[in-house]
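Read through the structure below, which is laid out as structure tokens, and then see the notes.
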Amino acid sequence: MSGGYPHAPGCACGIDVHAHVIPHDFPRYLGNAIPADWPSMVPAHACHRHVMVSGKVYRTVSDRTWDASRRIEDMEPMGLSHQAISPMPELLSYWMAPGAAAQLLRYVNEQIAQMAALSGGRLVGMGAVPLQDIDLALAELDYIVDKLGFRAIEIGSNVNGKPPGAPEFAPFFAACEEKGVAVFVHALKPAGTERLVGPAKLLPALAYPTDVGLAAASVLTANLMARHPKLRIAFSHGGGTLAMLLPRLEQARKVFPELHDAMPASPSEQARQLYYDTLVFDPGTLNLLVERFGASQLMIGTDYPFAFHDARPVESIATAIADPAVRAQLTTHNAARFLALDLNA
């Protein structure tokens, strides 16, 4: 898997940084009063189970969400050699009591570790921590790095309404930088859902990219990368709306002295220090992201195994990008750097 790969359709060389896991079952709550939103699983039709939250079906999922072998079978036609697997975002559980969330996430992290162990190195664990309580989050970060050996962690685009750039998360990002842990930011409970007109499935189509864009913008306006220049942080869904917000933010910084004072470094320069997945479903948009963020900052993201995913991500990149060297960056090399993967091992 060297730099000589043209990464055209048909190669199994891609590294997917955006793919989700749901365990086959959830544990019994270890406490007196079971939280109302503690998840459970019940049988559905063949090879499927219902994810139950607060007594209702949240999502019906197939065995691809928990079965490592089924997942690996699908990776070859997708053109993937590796896949970083993270919890379904709803499992991040920031709205739970911190102790309950910590208990649930410990179980989910260990399930992800088991899947990775069964994969022969093709699945890469990406854990989660209860960010509603920084002390518990730091303790779980230690566990998933020191005990489970994870290289990356998934967080939500907001934690109960607070974006990643909020000052209370500074100790968490400092610890991620110190430990060399990559951070993948995924849309979660987005703002503005009351403005959507139509079916609930508009949420991932329209509201997710908006919340991710605001989350990424908060990292720029908080000067997070200036404080933590070695931090590797990525944003789902191509960074959402950030690519379109950047020119406005640049102009506002020129017009308003207080914004210039608050952001000593150009937002566009800062944005080229972040990573983004390629899940935008459009060649023109992908080319815009390469132009705006740099070819070194984009990585495959599929949202596998859910319905709204890119089933041929290597082909999507090949369709959009003519230069084979740039295709190789987007398909493999940027993600390997982000995840600290040794492709020669």
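Give me the Å³ per residue figure for the convex hull around the C-alpha atoms of segment 178-261.
Taking the convex hull of the Cα positions in segment 178-261, it is 113 Å³ per residue.
Using Cα springs under 10 Å in a Gaussian network model of the chain, which residue among HIS82, HIS50, HIS186 shows the largest mean-square fluctuation?
Top of the fluctuation ranking is HIS50.
Quick one: compute the contact order of segment 182-266, relative version, from alpha carbon pairs under 8 angstrom and 6+ residues apart, as a percent.
Relative CO of segment 182-266 lands at 35 percent.
Counting only heavy atoms of protein chains, what accessible area per residue, in Å², does the chain have with a probe of 1.4 Å?
It amounts to 42 Å² per residue over the chain.
Give me P(r) over segment 274-326, computed from all C-alpha to C-alpha distances, binned every 5 Å, as integer percentages.
Distribution as computed: 5, 21, 34, 25, 11, 4, 0 percent.
For segment 225-345, what does the relative contact order come out to in percent, with C-alpha contacts under 8 Å and a separation of six or more?
23 percent.
Given an 8 Å cut-off on Cα distances and at least 6 residues of separation, report the relative contact order of segment 1-152 as a percent.
Here the relative contact order equals 23 percent.
Per the 1.4 Å probe, what fraction of the accessible area of segment 159-215, in percent, lies on carbon and sulfur atoms?
Roughly 62 percent of what the probe reaches on segment 159-215 is carbon or sulfur.
Can you run phi through the Karplus equation (6.51, -1.76, 1.60; θ = phi - 60°) for segment 280-292 and list ³J(HN,Hα) in whole Hz, with x for Gly and Pro?
Couplings: 10, 6, 7, x, x, 5, 4, 5, 4, 5, 4, 5, 7 Hz.
Using the Kirkwood radius built from alpha carbon pairs, what does the Stokes-Einstein equation give as D for segment 151-307 at 25 °C and 0.890 mPa s, in µm² per second?
154
State the number of lysine pairs found in the chain whose Cα atoms come within less than 20 Å, restricting to pairs 8 or more positions apart or on distinct chains.
Final tally of qualifying lysine pairs is 6.
Rounded to whole Å and ordered largest first, report the semi-axes of the equivalent ellipsoid of the chain derived from its Cα gyration tensor (root of 5λ).
Calculated on Cα positions only, the semi-axes equal 29, 25, 20 Å.
Between LYS147 and ALA46, with labels modelled 7 Å along Cα→Cβ, what's the label distance in nm to one decimal, could you check?
4.0
To the nearest 10 square angstrom, what accessible area does GLU194 show with a 1.4 Å probe?
For GLU194, the solvent-accessible surface is approximately 130 Å².
Counting only the heavy atoms of the protein chains, how much of VAL255 is accessible to a 1.4 Å probe, in Å² to the nearest 10?
Spelled out: VAL255, probe radius 1.4 Å, area about 80 Å².
Quick one: how many Å² of ASP63 are accessible to a 1.4 Å probe, rounded to 10?
20
Quickly estimate the mean residue ellipticity at 222 nm for the chain, helices only: each DSSP H run with n ≥ 4 gives -39500 (n - 2.57), and the total goes over all residues, rounded to 500.
-11000 deg cm²/dmol
Which value, in Å to one decimal place, does the Kirkwood hydrodynamic radius take for segment 44-143 when every pair of different Cα atoms is included?
14.8
Looking at LEU274, LEU330, GLN251, which one has the Cα that reaches farthest to the positive end of the dipole of the chain (charges on Cβ: Lys, Arg +1; Asp, Glu -1)?
So the residue we want is GLN251.
How would you rank 68-80, 104-116, highest first, on the average number of other Cβ atoms within 10 Å across their residues?
Answer by packing, highest mean first, reads 104-116, 68-80.
The values are calculated or read from the model by the stated rules, or taken from the named source; none is laboratory data. Computed from a predicted structure; not experimentally measured. Because the Cβ atoms are built from the backbone with ideal geometry, glycine has one as well, and the counts that use them run over all protein chains shown. Keep in mind that these areas ignore ligands, DNA and RNA; they rest on the heavy atoms of the full protein, side chains included. Shrake-Rupley method; radii C 1.70, N 1.55, O 1.52, S 1.80 Å.
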